[in-house]
Amino acid sequence: LEVIKGQCYVTVKYFFCSAACGVLAIDKAREPITLVLAEDGTIVDDEDYFLCLPSNTKFVALAKDEKWSGKSLDSGTSWLSESVDEVDSAAEKWKRLARQLKDDLSNIILMSEEDLQVLIDVPRSDLAEELAQSETKIQVLQDTLQQVLDRREEERQSRQLLELYLEALKTEDSILSKVAGRE
């Protein structure tokens, strides 16, 4: 299932609630649903991130146990335009990502965690050469990328903790209402 921002306005919070399954005709047995960018599989799980994306951004809704694949676009024909040699794909990927940063440094916020890690793992000298920057500046860039990655992980853990807390509150309310019903 593809959703295009601007053509079908669905807030991220609404998308993840069970009502969205009805709107998108997704069987409830296939929950939870994960919204990802069709372009690169970046998980869109926060409304601020969703709102900063350009109009006509394509999304893919993944049901439980489904994984994003670039081949899921264009009905499985995206490989026709990619034709990437397996051996060169890693080197080409980091160079493509480096060019995105060279064009506009703010692209960092749109990069997936996997893409950030790829750039962090590139040898400093290679990245410096590709971006035509000093190794000192590249070290600062890679440190910043690591901080973004760490912050995303902290946010994910905070959300998980909040979800556990909310679930505990529901359980506590259920127990208290049962006890009150007996009295």
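The values are calculated or read from the model by the stated rules, or taken from the named source; none is laboratory data. Just so you know, these numbers come straight off a predicted model, no measurement behind them. FYI the Cβ positions are ideal-geometry reconstructions off the backbone, even for glycines, and counts take in every protein chain you see. Surface accessibility is based on the protein's heavy atoms, side chains included, excluding ligands, DNA and RNA. Shrake-Rupley method; radii C 1.70, N 1.55, O 1.52, S 1.80 Å.
Please go through the range 97-106 and give me each residue that is surrounded by 17 or more Cβ atoms within 10 Å (Cβ to Cβ), over 15 Å from GLY41 (Cα atoms) and in contact with a Leu (Cβ under 6 Å, 6 or more places away or on another chain), ordered by number.
Across the range 97-106, the qualifying residue is only ALA98.
State all residues of the range 56-96 that are modelled with pLDDT of 65 or more, open to solvent by 70 Å² or more (accessible area, probe 1.4 Å) and in contact with a Lys or Arg (Cβ under 6 Å, 6 or more places away or on another chain); if no residue qualifies, say none.
Hit for the range 56-96 is LYS64, nothing else.
If I filter the range 39-51 down to residues being open to solvent by 60 Å² or more (accessible area, probe 1.4 Å) and of a type in the set (A, V, I, L, M, F, W, C), which single residue comes out as modelled with the lowest pLDDT?
If we take residues in the range 39-51 being open to solvent by 60 Å² or more (accessible area, probe 1.4 Å) and of a type in the set (A, V, I, L, M, F, W, C), then LEU51 is modelled with the lowest pLDDT.
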